[in-house]
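*Asks:* Here it is, the structure, as structure tokens.
The values are calculated or read from the model by the stated rules, or taken from the named source; none is laboratory data. These numbers were taken from a predicted model, which means no experiment stands behind them. Here Cβ is always computed from backbone atoms with ideal geometry, including for glycine, and neighbour counts include all displayed protein chains.
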Amino acid sequence: QNPPNCYSGFLLSSGHSLHSRCTDDVWQEASIRTTVRAENEFEAHKLANNYKFGFRKWKSHVTERPIEDRSDVVKELYSELNYIKHHSGSLITAGNVIYVLLFGWWISIFYFLVSLLMFCTIAGIPYGKLCLQLSGYFLWPFGKALQKVSVKYIHLQNFPQRHSTYVWLVLGYPLLAVVHFLAIFLSWMMVFTIPVSKMNFRTLRIILLMPPEEVKVWTVKKVILLCCYRAFNWYYYKYTVDGINVFAVNLLPLVIFTLVIGYVDRDNYYVSSEAKFAMALSSIIPLSYYIGMGIASISAQSNFAVGAVVNATFGSITEMAFYITALLQGHRAGNKCYAEIVKSALTGTLLGCILFIPGICMIIGGCKHSEQRFNSRSAGVSSALLFISVGGVFAPTLFSKAYGNFICEGCNNSLSNTTKPFICNNCHYDLSENNRPLFLSHIEPLVYTISVLLPAAYLIGLIFTLKTHSHIYDLHISDAHCHGADHGAVVHWSRARALVVLILATVLMAACADLSTEHIKPIISNSSVSQYFIGVTILAMVPELPEIVNGIQFALQNNISLSLEVGSCIAVQVCMLQIPLLIFFNAFYDVGFVLIFSDLHLWASIFSVILVNYIFMDGKSDYFQGTALVVVYLILLALYFFAPAPLGC
């Protein structure tokens, strides 16, 4: 069954039919609609999943898009640099000058040296002339064209048997191949200089393997082999390879290098422990992207049940891999600081998702669009679930404060001055298993009860928003008969391929998480800042960078509803899925994880949920509201920065 040409839909914000309720409020909410269009059935399914509660929000396409239907800017990104186009303006740009400084001069010098070598061999003189031409070309290739010309009176049928060809393939081509491979790698890794990479690759693959008499640097229009106008193009941040963003592709070698050096250099002989920690944490970023792409691909090609299961299992795998490996590392080392780091990371993810991600999206979206509107009814559902989540997660902490003992390690006072108050050291509530009667009889059963209730509430939220009250996210997909759309949609990743990628990325994620927790000890032991701060910032937000980018892209497209749902979805999954899973893991294998948080975590989380619920009430957003959320987030980070080290660190 072929999908329709173009799919469009409307997200109805009203909770009931307009025919049944015609009050002013309903009319006001019904006027706030988001038009959703998709090129094919799979894209429509992906966009519909973005609006569903509990599904990971994904911006990138999961199917191939015909290049002829793309904009001129995108067409230029994917061009093979083999055509002459009308170019207005000067070729002396900052990017082209940077090309000369970074690439042009040394490529030109190598070509000149190889040309001298070819001239010395006598037989390779034709290739020496070609290298001399290319030496000038690569110094400044812009606006020039390498063209294929027809050569008369020279028989090139026996080109592979010519002596000059053997000399070239033995002496000249291998040297230039090294030069071009180096230029290809460097320019590709810099992303914005991908045109330079394409230019070098095409030269290496085609031009240097042609008869030298057929290659000329001219300015007339014949058969174009290579023509480049710009070395830099800022739009290459959008470039994809088989649907994968170029940054995620370029970071894959970092993952492999990190795992090899991490498990081979056990004694930190070549690379320090701090560097390994930084590399392992950075490697989580591309792996999170691949997991997100896999989830979106499977969900777009599957029914609701399969999509919900995949999102619930793999959606939290990034964070769970780090939390479990950190708890295991702390258990093996007998260090309770690791459990406190995990609690800080959990709280940091919660704060970042309900303050920073919505805030930064409101700011960036508000700078482009003066005021953005979103579905306040669906946002209210997310806010209610956040209240339930935070209330459940921090209930054992409040219970312990109500019934626990406030103790101090020691108090003293100067005997010479009795007017001064007593100075008490390390005062805290005895909230842990040290207070055995309270913990075993009251706190532990409460924790297990909450660990059952929170996933149940998550399931009820799924049923409410996707079944019984699906009109809150009512998405009608209809054929809009868009001109020129392609019937034969081709997905980037099939379900089998996406599943294989998910499994491989999960395994690599677990290995990177293991390395990061193995080498975190010098960071938390020798750091001049609080371990709280390390947990709530670096460990919490680095894995969420792909989600932050998705949220910003949604906001720039005036789809602030999805930007807000990105953070809310992660925050709800942290409280309702990840924390209960950690509790059950600790029940089967005791790693010392107790669901009791510090005062700073408690009050920061409660205040943040109240604030974001207030912001979401009117269904409107602008950069001022976003600034308020970000400023509050930064204030809380300042509190963590100056906070003393947690107990056990």
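*Asks:* Of S605, S527, which residue is of a type in the set (S, T, Y) and farther than 24 Å from L281 by Cα?
*Replies:* Details: S527 fails: farther than 24 Å from L281 by Cα.
From the options S605, S527, the qualifying one is S605.
*Asks:* How many residues does region 219-234 contain that are at pLDDT 70 or above, assigned to a loop (DSSP other than H, G, I, E, B) and out of contact with any Gly (no Cβ under 9 Å at 6 or more places or on another chain)?
*Replies:* In the first step, residues of region 219-234 are kept if they are at pLDDT 70 or above; the result is 224-234.
Filter once more, keeping what is assigned to a loop (DSSP other than H, G, I, E, B): 229-233.
Then keep just the ones that are out of contact with any Gly (no Cβ under 9 Å at 6 or more places or on another chain); that gives none.
Of the residues in region 219-234, 0 are at pLDDT 70 or above, assigned to a loop (DSSP other than H, G, I, E, B) and out of contact with any Gly (no Cβ under 9 Å at 6 or more places or on another chain).
*Asks:* Now for a separate question. Which residue is surrounded by the most Cβ atoms within 10 Å (Cβ to Cβ), if the candidates are limited to region 516-529 and must be at pLDDT 80 or above and in a loop (DSSP other than H, G, I, E, B)?
*Replies:* I520
*Asks:* May I pose another question? Can you tell me which residues in region 260-272 are closer than 18 Å to A510 by Cα and either exposed (fewer than 15 other Cβ atoms within 10 Å of the Cβ) or touching a Cys at 6+ places or on another chain (Cβ under 7 Å) (or both)?
*Replies:* If we filter region 260-272 for residues that are closer than 18 Å to A510 by Cα, which is where we start, we get 260-264, 266.
Scanning region 260-272 gives V260, Y263, V264, R266.
*Asks:* All but one of (1) more than 20 Å from I570 (Cα to Cα); (2) touching a residue at least 60 places away in the same chain (Cβ under 8 Å); (3) not small (G, A, S) hold for V264; state the number of the condition that does not hold.
*Replies:* So the condition that V264 fails would be (2).
*Asks:* Since Y237 meets every condition but one in (1) out of contact with any Gly (no Cβ under 9 Å at 6 or more places or on another chain); (2) under 17 Å from D514 (Cβ atoms), which condition does it not meet?
*Replies:* (2)
*Asks:* Only one residue in L545, L582, L556, L564 is in contact with a helix residue (DSSP H, G or I) (Cβ under 9 Å, 6 or more places away or on another chain) and modelled with pLDDT of 90 or more, so which one is that?
*Replies:* Values: L545 fails: modelled with pLDDT of 90 or more; L556 fails: modelled with pLDDT of 90 or more; L564 fails: modelled with pLDDT of 90 or more.
When all the criteria are applied, what remains is L582.
*Asks:* Additional query: Is one or more of the residues making up region 589-596 in the same structural domain as A296 (by TED's automatic domain parsing) and farther than 16 Å from I341 by Cα?
*Replies:* If we filter region 589-596 for residues that are in the same structural domain as A296 (by TED's automatic domain parsing), which is where we start, we get 589-596.
From what's left, farther than 16 Å from I341 by Cα: 589-590.
Yes, region 589-596 has at least one match.
*Asks:* Determine which member of the set Y166, Y153 is at pLDDT below 90, surrounded by fewer than 17 Cβ atoms within 10 Å (Cβ to Cβ) and at positive phi. Write out each step before concluding.
*Replies:* Working: Y166 fails: at positive phi.
Matching residue, one of Y166, Y153: Y153.
*Asks:* Now for a different question. Please tell me if L499 is assigned to a helix (DSSP H, G or I), touching a helix residue (DSSP H, G or I) at 6+ places or on another chain (Cβ under 6 Å) and in contact (Cβ under 8 Å) with a residue 40 or more places away in the chain.
*Replies:* Working: assigned to a helix (DSSP H, G or I): yes; touching a helix residue (DSSP H, G or I) at 6+ places or on another chain (Cβ under 6 Å): no; in contact (Cβ under 8 Å) with a residue 40 or more places away in the chain: yes.
It is false that L499 is assigned to a helix (DSSP H, G or I), touching a helix residue (DSSP H, G or I) at 6+ places or on another chain (Cβ under 6 Å) and in contact (Cβ under 8 Å) with a residue 40 or more places away in the chain.
*Asks:* Considering S288, S297, which residue is surrounded by fewer than 23 Cβ atoms within 10 Å (Cβ to Cβ), assigned to a helix (DSSP H, G or I) and of a type outside the set (F, W, Y)?
*Replies:* Details: S297 fails: surrounded by fewer than 23 Cβ atoms within 10 Å (Cβ to Cβ).
Answer to the selection: S288.
*Asks:* With respect to the numbered conditions (1) assigned by TED's automatic domain parsing to the domain that holds V501; (2) part of a loop (DSSP other than H, G, I, E, B), which one is the sole condition not fulfilled by I256?
*Replies:* The failed condition is (2).
*Asks:* Among the residues of region 169-215, write down those that are of a type in the set (K, R) and buried (at least 16 other Cβ atoms within 10 Å of the Cβ).
*Replies:* In the first step, residues of region 169-215 are kept if they are of a type in the set (K, R); the result is 198, 202, 205.
Result: K198, R202.
*Asks:* When both residues are 6+ apart or on different chains and their Cβ atoms are under 8 Å apart, which pairs have a first residue that lies in region 634-646 and is within 15 Å of A345 (Cα to Cα), and a second that is hydrophobic (A, V, I, L, M, F, W, C) and assigned to a loop (DSSP other than H, G, I, E, B)?
*Replies:* F641/V529
*Asks:* Identify the single condition in (1) modelled with pLDDT of 65 or more; (2) assigned to a helix (DSSP H, G or I); (3) in contact with a helix residue (DSSP H, G or I) (Cβ under 6 Å, 6 or more places away or on another chain); (4) not hydroxyl-bearing (S, T, Y) that P445 does not satisfy, given that it satisfies every other one.
*Replies:* (3) is the only condition that P445 fails.
*Asks:* What is the number of the single condition among (1) surrounded by 15 or more Cβ atoms within 10 Å (Cβ to Cβ); (2) among the hydroxyl-bearing types (S, T, Y); (3) part of a helix (DSSP H, G or I) that S302 does not meet?
*Replies:* S302 satisfies all of (1) surrounded by 15 or more Cβ atoms within 10 Å (Cβ to Cβ); (2) among the hydroxyl-bearing types (S, T, Y); (3) part of a helix (DSSP H, G or I) except (3).
*Asks:* Let me ask you something else. If I filter region 68-87 down to residues being part of a loop (DSSP other than H, G, I, E, B) and among the charged types (D, E, K, R), which single residue comes out as modelled with the lowest pLDDT?
*Replies:* Initial filter on region 68-87 (part of a loop (DSSP other than H, G, I, E, B)): 70-71, 78-87.
Checking which are among the charged types (D, E, K, R) leaves us with 70, 80, 85.
Values: R70: 74, E80: 75, K85: 67.
The residue in question is K85.
*Asks:* With the condition kept exactly as written, say whether any residue in region 368-376 is among the hydrophobic types (A, V, I, L, M, F, W, C), modelled with pLDDT of 90 or more and out of contact with any His (no Cβ under 7 Å at 6 or more places or on another chain).
*Replies:* No; the residues of region 368-376 include none that is among the hydrophobic types (A, V, I, L, M, F, W, C), modelled with pLDDT of 90 or more and out of contact with any His (no Cβ under 7 Å at 6 or more places or on another chain).
*Asks:* Looking only at helices (runs of 4 or more DSSP H) that lie completely in region 540-649, which have at least 2 residues being over 25 Å from G315 (Cα atoms)? Lay out the reasoning, then the answer.
*Replies:* Working: elements: 545-556, 560-573, 579-588, 599-615, 623-642.
Result: 599-615, 623-642.
*Asks:* Would you confirm whether or not region 384-394 contains a residue that is at pLDDT below 85, surrounded by fewer than 18 Cβ atoms within 10 Å (Cβ to Cβ) and over 21 Å from I548 (Cα atoms)?
*Replies:* yes
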